1. Here is a check on your reading of the model: is residue 37 surrounded by fewer than 20 Cβ atoms within 10 Å (Cβ to Cβ), at pLDDT 90 or above and more than 30 Å from residue 139 (Cα to Cα)?
2. What number of residues within the stretch 1-34 satisfy the criterion of being assigned to a strand (DSSP E or B), small (Gly, Ala, Ser) and surrounded by fewer than 20 Cβ atoms within 10 Å (Cβ to Cβ)?
3. Return a yes/no flag: does the stretch 72-83 have any residue that is surrounded by fewer than 21 Cβ atoms within 10 Å (Cβ to Cβ), on the phi < 0 side of the Ramachandran plot, touching a His at 6+ places or on another chain (Cβ under 9 Å) and in a loop (DSSP other than H, G, I, E, B).
4. Tell me whether the stretch 109-131 contains one or more residues that are at pLDDT below 95, in contact with a Pro (Cβ under 7 Å, 6 or more places away or on another chain) and surrounded by 19 or more Cβ atoms within 10 Å (Cβ to Cβ).
5. Give me the pairs, please: first residue somewhere in the stretch 8-19 and over 15 Å from residue 36 (Cα atoms), second residue anywhere and of a type in the set (Phe, Trp, Tyr) and assigned to a strand (DSSP E or B), beta-carbon distance under 7 Å, and either six or more positions apart or on two chains.
6. Search the stretch 129-156 for residues being assigned to a loop (DSSP other than H, G, I, E, B) and free of Cβ contacts under 8 Å to residues at least 24 places away in the same chain, and hand back the single one that is nearest to residue 66 (Cα to Cα).
7. Against the definition (touching a residue at least 60 places away in the same chain (Cβ under 8 Å) and of a type in the set (D, E, K, R)), how does residue 85 come out, yes or no?
8. Contact list please: Cβ distance under 6 Å, first residue in the stretch 37-52 and more than 18 Å from residue 152 (Cβ to Cβ) and of a type in the set (Ser, Thr, Tyr), second residue at pLDDT 90 or above and part of a loop (DSSP other than H, G, I, E, B), pairs at least six apart or on different chains.
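The values are calculated or read from the model by the stated rules, or taken from the named source; none is laboratory data. Note that the coordinates shown come from a computational prediction; the quantities given were computed from them, not determined experimentally. Ideal geometry is used to build each Cβ from the backbone, glycine not excepted, and the neighbour counts take in all protein chains shown.
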Amino acid sequence: MGGTKTVTIRGREALLTHATNAHTDGDSWIYLADANVIFTGDLFYNNGFYPMIDYANGGDIRGMVRANDAFLKLANPETKIASSRGGAVAGRAEVSAFRDMLAKARDRMAALVGEGMTEDEAVAAKPFKDLDAKWASNEQDSINFIRNAYNSFKRA
């Protein structure tokens, strides 16, 4: 993770943490300890869809996994976790499911890239087919996520 800074907002102490190369290269998340709330911004989706990883602007699936690992490390069973990407306020279980999907996708894509597959070959291989039923609303969503994950490993 990136740097963390403690700030006071309207009399409340908040931890602001920069997540290095996750959704983009400029993501931050906020933890309000006294309220036991984590606001994830675009780093966690609780809407049932694959995330958009903006690889052209520094996004990387590996950073997304790291960010969600940090949320899980910080959260307890009562922590409320909110995303800017819609969905209800979540807890550890929802973040854990999202993080596990990301980690599976990361590991599978690392293997394909390691084998020397091109982006089109990776799309044709449908490496996330088993994940699509839960995370993709249509085939294009699946293709987009494959391309996002692939380019995480290929960006300069």
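1. Values: surrounded by fewer than 20 Cβ atoms within 10 Å (Cβ to Cβ): yes; at pLDDT 90 or above: yes; more than 30 Å from residue 139 (Cα to Cα): yes.
When the stated conditions are applied, residue 37 passes them.
2. So in the stretch 1-34, the residues assigned to a strand (DSSP E or B) come out as 4-9, 12-19, 27-32.
Next, only the ones that are small (Gly, Ala, Ser) stay: 14, 19, 28.
Of the ones still in play, those that are also surrounded by fewer than 20 Cβ atoms within 10 Å (Cβ to Cβ) are 14, 28.
Selection size over the stretch 1-34: 2.
3. no
4. No, every residue in the stretch 109-131 fails to be at pLDDT below 95, in contact with a Pro (Cβ under 7 Å, 6 or more places away or on another chain) and surrounded by 19 or more Cβ atoms within 10 Å (Cβ to Cβ).
5. From residues that are over 15 Å from residue 36 (Cα atoms), the pairs are 17/29; 19/29.
6. Ranking the qualifying residues of the stretch 129-156, first place goes to 156.
7. Details: touching a residue at least 60 places away in the same chain (Cβ under 8 Å): no; of a type in the set (D, E, K, R): yes.
It is false that residue 85 is touching a residue at least 60 places away in the same chain (Cβ under 8 Å) and of a type in the set (D, E, K, R).
8. Here the result reads 40/83, each pair linking the stretch 37-52 to a residue that is at pLDDT 90 or above and part of a loop (DSSP other than H, G, I, E, B).
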